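The values are calculated or read from the model by the stated rules, or taken from the named source; none is laboratory data. All values derive from a computational prediction rather than experimental measurement. All Cβ positions, even for glycine, are placed from backbone atoms using ideal geometry, and neighbour counts span all protein chains on display. Heavy atoms of the whole protein, side chains included, go into the accessibility calculation; ligands, DNA and RNA do not. Shrake-Rupley method; radii C 1.70, N 1.55, O 1.52, S 1.80 Å.
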Amino acid sequence: MCSSDLGEMVNIGGIVPAAAVTVVLAAFGWQFGFLVTAFLLSSWLYLFLFSGFFDQKDPVLSYEHRAAKPKQTAPRRCHLVARDAELKSIPNPGIYTLYDNFQRGVKQAGDKPCLGSRPAAGEDYQWQSYNEVSKRINNFGSGLLHIGCEKGDRIAFYAKNCAEWVMGAEACNAYSFVNVAIYDTLGVENRQFVVDQAEIKAIVTTQALLANVCDLAPQCPHLKFVIIIGKASADDRKKASAAGLTLYSYDEAEQLGASNFHEPIPPQPEDLAILMYTSGTTSRPKGVMMTHANVVAVVAGIMDAIPKITPDDSYLSYLPLAHILERAAEAAMFHGGCRVGFYWGDIRTIDKDIAAIKPTIYAGVPKVFQRVMNKVNATIAASPVHVRILYAAVFSLKYRFLQLGLPTGLFDTLVFNKVKQGLGGRCKLIVSGGAPLGGDCHKFLRVAFGCPALQGYGLTETCGGTSITPSSMHAPWEKAGAPIVCSEIKLVSAGKYSTDHNPF
């Protein structure tokens, strides 16, 4: 039985008795006149809506799989995983690596859009199909082989989200390279540490960041190549050469690959896919080693927890690809053949990107969602009194309807439609991760945008996926949700934190 089935059972259990009592009261009151009937019905309606007695109760969505050990809690599993079954490790038959995962997207979508970008600020998005992207991935991977990269070599990406970033990473998946992300907040010293420790051989970057890469070369003996997204000038080549690096433009690497094509070299599930460095808040950045099997298992957990992803869906890529939340999310999008559009690169104009892409699935972090809520609330606060009263009343009433399992489409159409347009008007699912989502903000997302808002919890070390609040939950606020189907969770005493403590 799935969680949505459980939710429907709870709905029926609460609403049917309420309706029956309403009919009885109406019949009883009819004998004593209109005023008594109106009083009884209005009192009952108030109790039904606001007493909380009829609120839908969320079922327990996990179970203890084994007995607890000393100083540990009992491991818990998702209720959808049978007690005697293995945790789910693949999203579909035959999908064992990230290479398999993207190839499924190619089969699902083919000539339908895959990656979309703006050629310049303000211009319309231009889309490349899954078939076109797949060809470019193979050309770029062949190009890396041709210039001297070998199976197992580490290829780094040091740029904002863009199509070349994704195609380069997928080329690593197709040709058994290991991809590593570098991000600006590492700082010079930690950037050098990552490139040296990871033994990075080539860095894909932009012209604006070339100087930073060249500065690394003398202290990073494994670094041999730099590949520039966009055009590479004669001056760029001189800078790279002076640092002991060979420079290619991304297009040149692709052209070399097309002229010296090599069939993909698919990895094994146990092969290393990603080296992802954490921010290193306590010391040096820590490199988390993720195999193809690790990431594919998380895709399986994501695909089970959210509605089916299809080529009709669209997703906005703006969260940093250097972090696991965005990498895991996009892997799930490619699994279903969804189109992925990249923001222009300026968070201040992201509303224009949203309006153009009209995402059906929107991932973000609490800081972003808090900003959205504050902006809407500020707009309402500046509105005339009658608008403020109407919004507050309808917001509260819709929230109560959600708690009672009642339909809310009328509220969405009459009051919240303009708010929904803030995410393009087509959003069917909102996912928050990276930090705890406040209860007020979570309620705002669910009420104002008229779609499930899920909160997930995970770590870089768990490939981003550990637990999530199912879309069927009626009160997911300030909860990390249930384990996803690829995860088993327990707490272990550590330092000042003990499983003997009561956190409430």
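At a glance:
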item: Carbon/sulfur fraction of accessible area - the range 45-177, other protein chains in place, 1.4 Å, %; result: 51
item: Approximate shape of the range 216-332 as ellipsoid semi-axes (Cα gyration tensor, √5λ), whole Å, largest first; result: 32, 21, 16
item: For the range 405-476: Kirkwood Rh in Å [reciprocal of mean 1/r, alpha carbons]; result: 13.2
item: Cβ-defined net charge surrounding Ala68, 11 Å radius [Lys, Arg +1; Asp, Glu -1]; result: +4
item: Residues whose placed amide H lies under 5 Å from that of Arg154, excluding near-sequence neighbours; result: Val178, Lys201
item: Rounded accessible area per residue of the range 458-504, 1.4 Å, Å²; result: 57
item: Surface share of carbon and sulfur [accessible, 1.4 angstrom probe, percent] for the range 279-360; result: 57
item: Peptides ranked, highest mean first, by Cβ atoms within 10 Å: ranges 462-474, 310-322; result: 462-474, 310-322
item: The chain, relative contact order in percent, only Cα pairs under 8 angstrom and at least six apart counted; result: 18
item: Helix-only [θ]222 nm of the chain, DSSP H runs n ≥ 4, -39500 (n - 2.57) each, per residue, nearest 500; result: -13000 deg cm²/dmol
item: Within the range 217-235, backbone nitrogen closer than 15 Å to the virtual label 7 Å beyond the Cα of Gln207 toward Cβ; result: 227-235
item: Long-range amide H partners of Leu454 with built H, under 5 Å; result: Ile430, Val431, Ser432
item: Sequence ranges 384-394, 250-260, ranked by mean other-Cβ count within 10 angstrom, highest first; result: 250-260, 384-394
item: Phi to ³J(HN,Hα) by Karplus 6.51 cos²θ - 1.76 cosθ + 1.60 over the range 324-339, Hz, x for Gly, Pro; result: 5, 4, 6, 4, 5, 4, 5, 4, 5, 4, 5, 4, x, x, 6, 7
item: For the range 103-159: rounded, prolate or oblate by the Cα gyration tensor [a/c cutoff 1.5]; result: oblate
item: Alpha-carbon spread of the range 128-237, three principal axes, descending order, Å; result: 40, 28, 27
item: DSSP-defined antiparallel bridges as percent of all bridges, the range 382-504, nearest 5; result: 60
item: Above-threshold pairs, the threshold being 29 Å between Cα atoms, out of Lys367/Lys418; Lys57/Lys375; Lys201/Lys367; result: Lys57/Lys375; Lys201/Lys367
item: Hydrodynamic radius by Kirkwood, which averages 1/r over all alpha carbon pairs of the range 174-281, in angstrom; result: 15.0
item: Rh (Kirkwood; distinct C-alpha pairs) - the range 264-411, Å; result: 18.8
item: Label-to-label distance, nm, for residues given as Ala68 and Lys418 (7 Å Cα→Cβ offset); result: 5.2
item: Spin-label model distance (nm) - Ser259 vs Asn377, 7 Å beyond Cα toward Cβ; result: 6.0
item: The range 294-350 - convex hull of the alpha-carbon atoms, volume per residue in Å³; result: 81
item: Vicinal HN-Hα couplings computed from phi for the range 479-491 (Karplus, 6.51 cos²θ - 1.76 cosθ + 1.60; Hz; Gly/Pro x); result: 10, 8, x, 9, x, 7, 5, 9, 10, 10, 10, 8, 9
item: Reachable lysines, given that their alpha-carbon falls under 28 Å from the alpha-carbon of Lys69 and they are not under 8 places away in the same chain; result: Lys88, Lys479, Lys490, Lys496
item: Projected label distance in nm at Ala393 and Lys308, using a 7 Å step from Cα toward the beta-carbon; result: 4.2
item: Amide hydrogen neighbours beyond the local backbone of Gly465, cut-off 5 Å, H modeled; result: Leu459
item: Dimensionless Rg over Rh [the chain; C-alpha; Kirkwood]; result: 1.04
item: Packing-based ranking, highest mean first, of 373-380, 290-297 given that Cβ atoms within 10 Å are counted; result: 290-297, 373-380
